[in-house]
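K.L.:
Structure provided below as C-alpha cells; questions to follow.
The values are calculated or read from the model by the stated rules, or taken from the named source; none is laboratory data. This one's a predicted model, so the numbers in the text were calculated from it and none came from an experiment. All Cβ positions, glycine included, derive from the backbone under ideal geometry; neighbour counts span all protein chains shown.
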C-alpha cells in the first residue's frame, strides 16, 4: 500500500499518468448506422472497435487528468468536423446505448486484412457468443499508472530500517497494483453509481424490431447491468501474485470460456506495457490499471467531465492507500453482484452486500464510501475535497445524476431527441 503518512510520499501522491479510450457509433442523418468505411484509416489514435461504424479514440499518456481530457476533446473535434464535411453527413451518437437498430446485419463487423485478419476472426467469435446487438454498447475506459517517483519513494520508505531488501522493486510495484485491484473489485462499483448515464433504450434493442418505442428497464446504466458487458460466467482471480492473476485468466482461455484475455469483460483489469498480453504482463510487470465501467456522458463534449475523471483518480489513490480485503471466490462473486446492483436506477431499492453480510441501499453505501474518502483527503490532499463534494451532490440533490437528467429529457422519445441533439451540437461546432 502507499504510505501517505510519510511526507515525501504524500508530496507525490497525486502524480500519475492518465490515458483514455472512448467508443462511439457513427450514424447517418436519419439515425441509422453509417455503412461507410472507417474515415481515419491512417490514424493510430482513431481506430475501429467491434463494428466498422464504431470508432474508438485512444489518447496518449498524460501526466494529469486535464491533459488526457484535452487530448480526447481534440480528437472528438477532429472526428465531428470530418463527419460533418462528408457529402452524406454523419454524426457521433452521444450515448452508451445504441440508437435504433433495424437488424443484426446493420451492425457490420469490422474487416481487417493481412497481419490483422485475426482481429476480424475475434470479432466474429464475439458476435457468435454475445450477439452483435450487445457489441453496440459504447463506453469510456480509464487507464492509470502511478508515477515512478511516487512508487520509488514509497518503496524506499517500505525498506527503511531493513538490513536487506525483502522484496524487489518489480515485485513491490506489482503488489501495489494487485492490492489496488482487490480494493477496486470490492468498491469500484461506486463509479457506476456516480457516472451512469444510459437508462434508456430504443425498443429495437430488446425486440430486435424497428419500432421507435423508448424502453426503460430499471437501469441507470444498461451497459454496466446484467444486460450489458459481462461474460457468461463470474471470474475469480488469484491475487496472491501477478503470476497467479495471469494464470487464473489463462485458465478460462484454456477451458474455452473466453477466446483471449481481451474477452474478459470485467470492470478492472491489470495491463502489461504495449499490447495486452498475459505472458508479457508476468515477465515485465504491471504497467497500468484499466477501469471499464464508465458510461459516455452526453452532457460532456468529450463524453466525460473533468471532475468525474479526477474523482476516478482520487478513488484509485485512496484504494492504493488502504489495506486490501481477502477476496475469496465467494466474495468475488458478491463483488460482481454489487457492480450489477450499482447499475440499477432506484439506488434506494437496490442493495450492496457488505463484508459483514449486511445489505444496505446503494445510495447509503455510496455516501458512506464518499465520507471515508472525504476524511482521507481532508488529511492527505484537502485541495481535492471539492471533487468529492461534486460527487456527493449527485446522491443528495434530486436530479443531479446524469441518468436522472437523461430520464427527464429523453424519456418521451430517446431516439428522435438524441438525433436532434447531435445535429444541433454538430451544427454549432461547424
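K.L.:
Write out, first by first residue and then by second, each pair whose Cβ atoms fall under 8 Å of each other, whose residues are 6+ apart or on separate chains, and whose first residue, in the range 261-285, is at positive phi and touching a residue at least 40 places away in the same chain (Cβ under 8 Å) while the second is assigned to a helix (DSSP H, G or I) and buried (at least 19 other Cβ atoms within 10 Å of the Cβ).
P.N.:
285/173; 285/174; 285/242
K.L.:
Where the second residue is assigned to a loop (DSSP other than H, G, I, E, B) and surrounded by 15 or more Cβ atoms within 10 Å (Cβ to Cβ) and the first is on the phi > 0 side of the Ramachandran plot and lies in the range 30-56, which pairs have Cβ atoms under 9 Å and are six or more apart or on separate chains?
P.N.:
31/93; 31/99; 31/100
K.L.:
Return yes when residue 8 is at pLDDT 95 or above, outside any loop (DSSP other than H, G, I, E, B), more than 18 Å from residue 110 (Cβ to Cβ) and touching a helix residue (DSSP H, G or I) at 6+ places or on another chain (Cβ under 7 Å) and no when it is not.
P.N.:
The answer is yes for residue 8.
Let's see how each residue does on (1) at pLDDT 95 or above; (2) within 21 Å of the chain's Cα centre (by Cα); (3) in a loop (DSSP other than H, G, I, E, B); (4) more than 27 Å from residue 414 (Cα to Cα):
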site: 95; (1), (2), (3), (4): yes, yes, yes, no
site: 98; (1), (2), (3), (4): yes, yes, yes, no
site: 125; (1), (2), (3), (4): yes, no, no, yes
site: 164; (1), (2), (3), (4): no, no, yes, yes
site: 184; (1), (2), (3), (4): yes, yes, no, yes
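K.L.:
From 386, 409, grab the single residue that is over 25 Å from residue 222 (Cβ atoms) and surrounded by fewer than 17 Cβ atoms within 10 Å (Cβ to Cβ). Show your work before the answer.
P.N.:
Numbers: 409 fails: over 25 Å from residue 222 (Cβ atoms).
Matching residue, one of 386, 409: 386.
K.L.:
Scan the range 17-32 residue by residue and report those that are touching a helix residue (DSSP H, G or I) at 6+ places or on another chain (Cβ under 7 Å) and at pLDDT 95 or above.
P.N.:
Matches in the range 17-32: 18, 19, 20, 22, 25, 26.
K.L.:
Which condition breaks for residue 157 when tested against (1) within 28 Å of residue 321 (Cβ to Cβ); (2) crowded, with 19+ Cβ neighbours inside 10 Å?
P.N.:
(2)
For (1) in contact with a helix residue (DSSP H, G or I) (Cβ under 7 Å, 6 or more places away or on another chain); (2) at pLDDT 95 or above; (3) within 28 Å of residue 384 (Cα to Cα); (4) not in a strand (DSSP E or B), each residue gets a yes or a no:
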position: 281; (1), (2), (3), (4): yes, yes, no, yes
position: 291; (1), (2), (3), (4): yes, yes, yes, no
position: 302; (1), (2), (3), (4): yes, yes, yes, yes
position: 330; (1), (2), (3), (4): no, no, no, yes
position: 335; (1), (2), (3), (4): yes, yes, yes, yes
position: 340; (1), (2), (3), (4): no, yes, no, yes
position: 349; (1), (2), (3), (4): no, yes, no, yes
position: 364; (1), (2), (3), (4): no, yes, yes, yes
position: 369; (1), (2), (3), (4): yes, yes, yes, yes
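K.L.:
Could you tell me whether residue 280 is crowded, with 16+ Cβ neighbours inside 10 Å, over 22 Å from the mean Cα position of the chain (by Cα) and farther than 16 Å from residue 191 by Cβ?
P.N.:
Yes; evaluated as a whole, the condition is true for this residue.
K.L.:
Every residue in the range 201-242 that is under 19 Å from the mean Cα position of the chain (by Cα) and not in a loop (DSSP other than H, G, I, E, B), please.
P.N.:
Within the range 201-242, 219, 221 meet the criteria.
K.L.:
Scan the range 58-79 for residues that are under 30 Å from residue 416 (Cβ atoms), in contact with a strand residue (DSSP E or B) (Cβ under 6 Å, 6 or more places away or on another chain) and surrounded by fewer than 21 Cβ atoms within 10 Å (Cβ to Cβ) and jot them down.
P.N.:
75
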